[in-house]
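> Have a look at this one before I ask anything.
The values are calculated or read from the model by the stated rules, or taken from the named source; none is laboratory data. Computed from a predicted model, the values in this text were never measured in an experiment. Here Cβ is always computed from backbone atoms with ideal geometry, including for glycine, and neighbour counts include all displayed protein chains. Heavy atoms of the whole protein, side chains included, go into the accessibility calculation; ligands, DNA and RNA do not. Shrake-Rupley method; radii C 1.70, N 1.55, O 1.52, S 1.80 Å.
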Amino acid sequence: MFGKWFSRKSENFYLPGEEIKIDKSFSFNNYICEKDPFATCKNRILFAVLMFGLVYGIIAVRLMGVCTAGGKEVEVAAADDNDSFYALPENPIKRADIIDRNGTIIATSLPTVNLYANPKKILDADEAAEQLARILPDIRYEDILAKLKRRGSFVYIKRNLSPSQQYQINALGLPGLEFEDGEKRIYPHKNLFAHLLGTTNIDNIGISGLEKQLDERLRESDIPLKLTIDAGIQDTIREELKAGIEKFDALGGVAILMDVNSAEIIAMVSLPDFDPNRLDKASGRAMFNFATKGLYEPGSVFKVFNAALGLEKGNVKLSDRFDATKPLKLRYNVIKDYRGENRWLDLQEILIYSSNIGSAQIALKVGQEKQRRFLQGLGLFDNIGNFEVYEKASPLLPRRWGEETTATVAYGYGISVTPLHIITAFSSIVNGGIYHTPTILSGKTQNEDHRVISEKTSKAMRGLLRGVVVEGSGKRANVLGYEVAGKTGTANKLVNGKYVNKKVMTSFVGTFPASNPRYALLLMMDEPKATKETWGFVTSGWNTVPTAGKIISAIAPQLNIKANYDLDEMRRNRIIEASYER
């Protein structure tokens, strides 16, 4: 109680104990108190509303700050052409997606959580290890305990926890256990793109395939990386190749589909393969990408390049005939034909009957220097270094290139190359004569294109190769309506320094449609076995060729190629003769 009460109006002083009289006209404006219960209640409600508004305002501001924390300013063009800015939260995923030519995701990363510990802060390592072992059954108690008793202040316990595991561990409330944001690479299609994409390690860094070759690009940009690969075509080819390998009990196989006019890879399969999501289940051979790293002597598919060499350099005409009545004897080698015709053959017949003798004579007529330069122009001497898959092999070339080498290389022995080399060189032979560097990146600018043969030679070669499919060893790939043209190859494998007859690498390389080539297909099988259906034969015409025919039948409609069922085979011969008169 104050000793005095003061009123400006009455200017009266009151002593303690005296009766206080309050003027009815009292107000806050004139410092006179007026007792009004309704006004007091109203003022208190107003004050409460103001306080609630202030509290909720503070909460709203705080939430906005949390939501935009770590964001980045992004410039946006407003409707009135004035610049404005807004904040976007930072993308928690650091590694870019990989998509096929149609936008299908074939590799992506998902946010995850890693569990780590600071051993110095663990109060009871034995108890903590026991509790963690119950939540993480895939890790032994002894291993967890050993980590928790380490010296130092940091050790990973487990990466890529499930949300349930994170919740249970967090509920333990054990000091010294912490969580770290991370990401895990996921391959939705499992084995389908295994060798092409490769894999990443536990830190999401590329360690093989495209993931390693383009690791920097994938880590520095969150824009999806678009490939030339078609997931649907890839799946079709893999299933047909797998069925062929199982049917002929082969050790493995390769299939590559290329756009001949751009060298873009539409599909690339190497079997056996693996699931990149489960690397612990992958075997040694399954991890090997034979399409880009496997070296082999290609055999008779090399006769395609030998025939083009003869025509392009002017040493051989379509009407020229070569003596294949007997083996060709060289200084250190005798060249024979497999089931030969034993007669004189022209260039078309040399390809149809796959004559080693005739091919060797063509190469010897042209000469070793022209042969070397021609094959080098086809990219068959060099590593395809710019290709976007990390695992690549350089061709194995003869140490000495003499007469013997010139003759044997003509039919695919004495030089070892990868399947990727073969299909790239073949595409340049049938596409009009232009070599393109192969790629799996969509929209990539080609800077290394160069002419290897004339359009005239290319057109003649298409006609000759069409003849192989219509009349020769490639008949089982003659898919009605799609004008397939190509060449078969069967190469004996070298085992302990000797060639073994029944251990072969069979192959077929072809293009379609022959009248206006759009795609090239290379198919290979490693050591296919003879069956009753093949009458004991293991040559290409009995295994890779029919498999290639099934693949072309399946993918041609997917590639929107219109079938031509009115093709006149006699017209093919007239095209050959008219296109390359000497």
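> Could you give the angle, 0 to 90 degrees to the nearest 10, between helix 455-471's Cα long axis and the longest principal axis of the Cα atoms of the chain?
Roughly 80 degrees between the two axes.
> Right, here's the next one. Treating cross-link reach as a plain straight distance, find the lysines whose alpha-carbon is under 19 Å from the alpha-carbon of K212, omitting any fewer than eight places away in the same chain.
Within the straight-line limit of under 19 Å, K212 reaches these lysines: K94, K184, K190, K226, K293, K392, K444.
> For the stretch 139-164 and the stretch 418-475, what is the centre-to-centre distance using only Cα atoms, to the nearest Å?
The stretch 139-164 and the stretch 418-475 have Cα centres separated by 56 Å.
> List the pair-distance distribution P(r) of the stretch 157-219, using every Cα-Cα distance, as the percent of pairs falling in each 10 Å bin from 0 up to the bin containing the longest distance, rounded to whole percents.
Using 10 Å bins, I get a P(r) of 19, 38, 23, 17, 3 for the stretch 157-219.
> Same structure, new question: In deg cm²/dmol, rounded to 500, what helix-only [θ] at 222 nm does the chain give when every DSSP H run of at least 4 residues adds -39500 (n - 2.57) and the total is split over its residues?
Helices in the chain give a 222 nm mean residue ellipticity of -10000 deg cm²/dmol.
> Show log10 I(q)/I(0) for the stretch 98-227 at q = 0.12, 0.15 Å⁻¹, two decimals, from a solvent-free Debye sum over equal Cα scatterers.
Listed by q, the Debye log ratios stand at -0.58, -0.78.
> So for S355, S553, what's the accessible-area order with a 1.4 Å probe, most first?
Sorted by accessible area, descending: S553, S355.
> In whole Å, what is the distance between the alpha-carbon centres of the stretch 335-364 and the stretch 224-293?
Computed from Cα coordinates, the inter-centre distance equals 33 Å.
> Go through V155, G209, I223 and say which Cα lies farthest out towards the positive end of the charge dipole of the stretch 98-227; charges sit on Cβ, +1 for Lys and Arg, -1 for Asp and Glu.
Projecting each Cα onto the dipole axis, the largest value belongs to G209.
> Not counting ligands, DNA or RNA, and with a 1.4 Å probe, what is R159's accessible surface area in Å² rounded to the nearest 10?
We get 50 Å² for R159.
> To continue, here is another question. Determine, at each q value in 0.24, 0.27, 0.28 (inverse angstroms), the log₁₀ of I(q)/I(0) that the Debye formula gives when each Cα of the stretch 464-531 is one equal point scatterer.
Summing over Cα pairs of the stretch 464-531 leads to -0.96, -1.10, -1.15.
> Can you pull out the trypsin sites (Lys or Arg not before Pro) in the stretch 379-454 whose DSSP state is coil and whose Cβ has at most 14 other Cβ atoms within 10 Å?
R399, R400
> Whenever you get a sec, line up R476, R140 from highest to lowest accessible area (probe 1.4 Å, protein heavy atoms). Present the calculation step by step, with values, prior to reporting the outcome.
Values: R476 120, R140 140 Å².
From most exposed to least exposed: R140, R476.
> Would you kindly find the accessible area of R238, with a 1.4 Å probe and non-protein molecules such as ligands, DNA and RNA excluded, rounding to the nearest 10 Å²?
Its heavy atoms expose roughly 30 Å² to the probe.
> Just to confirm, what accessible area per residue do you get for the stretch 397-440 at 1.4 Å probe, in whole Å²?
Dividing the accessible area of the stretch 397-440 by its residue count gives 23 Å².
> Which angle between 0 and 90 degrees, to the nearest 10, do you get for helix 419-430 versus the longest principal axis of the chain when only C-alpha atoms count?
Between helix and principal axis, roughly 70 degrees.
> Something else now. Using a 1.4 angstrom probe on heavy atoms only, work out the carbon and sulfur share of the accessible area of the chain in %.
53 percent
> Taking the Cα centre of the chain as the origin, how large is its charge dipole in debye, to the nearest 20, when only Lys and Arg (+1) and Asp and Glu (-1) carry charge on their Cβ atoms?
Roughly 1880 debye, rounded to the nearest 20.
> May I ask you to derive the relative contact order of the chain, considering only C-alpha pairs under 8 Å and at least 6 residues apart, and to give it as an integer percent?
12 percent
> Once you have all Cα-Cα distances for the stretch 192-294, histogram them in 5 Å bins from zero and send the whole-percent values.
Once binned at 5 Å, the Cα pair distances of the stretch 192-294 give 2, 12, 20, 23, 21, 13, 6, 2, 1, 0.
> Evaluate Rg over Rh across the stretch 425-549, taking Cα atoms for both radii and Kirkwood's formula for Rh.
Numbers: Rg = 16.4 Å, Rh = 15.8 Å.
With Rh from the inverse mean 1/r over Cα pairs, Rg/Rh is 1.04.
> Given the protein chains as shown and a 1.4 Å probe, how many square angstrom of E246 are accessible, to the nearest 10?
Approximately 130 Å² of E246 is accessible to the 1.4 Å probe.
> Treating the chain as a set of equal point scatterers at the Cα positions, no solvent, please give the Debye-formula log₁₀ I(q)/I(0) at q = 0.12 Å⁻¹.
-1.12
> Rounded to a whole number of µm²/s, how large is the Stokes-Einstein D of the stretch 333-437 at 25 °C and 0.890 mPa s, given Rh as the Kirkwood radius over C-alpha pairs?
163 µm²/s
> Tell me the label-point distance for the pair Y116, N501, using the 7 Å Cα-to-Cβ offset, in nm and rounded to one decimal.
6.5 nm
> Largest first, what is the accessible-area ranking of V495, V260 with a 1.4 Å probe?
Working: V495 50, V260 0 Å².
Final ranking, largest accessible area leading: V495, V260.
> Mean separation of Cα pairs under 8 Å and 6+ residues apart, divided by the residue count of the stretch 248-338: what relative contact order is that in percent? Could you put the intermediate results ahead of the total?
Numbers: 65 pairs, mean separation 13.4, N = 91.
Relative contact order comes out at 15 percent.
> Return the lysines within reach of K42: Cα separation strictly under 21 angstrom, same-chain partners fewer than 8 residues apart disregarded; answer none if there are no such residues.
Within reach: K24.
> Over the stretch 98-227, what is the relative contact order in percent, taking alpha-carbon pairs closer than 8 angstrom and at least six residues apart?
Details: 199 pairs, mean separation 43.5, N = 130.
Relative contact order comes out at 33 percent.
> Next question. Can you pull out the GluC sites (Glu not before Pro) in the stretch 427-530 whose DSSP state is coil and whose Cβ has at most 14 other Cβ atoms within 10 Å? Walk me through the numbers before you get to the answer.
Details: sites: E448, E455, E471, E483; in loops: E448, E483.
Those satisfying the criteria are E448.
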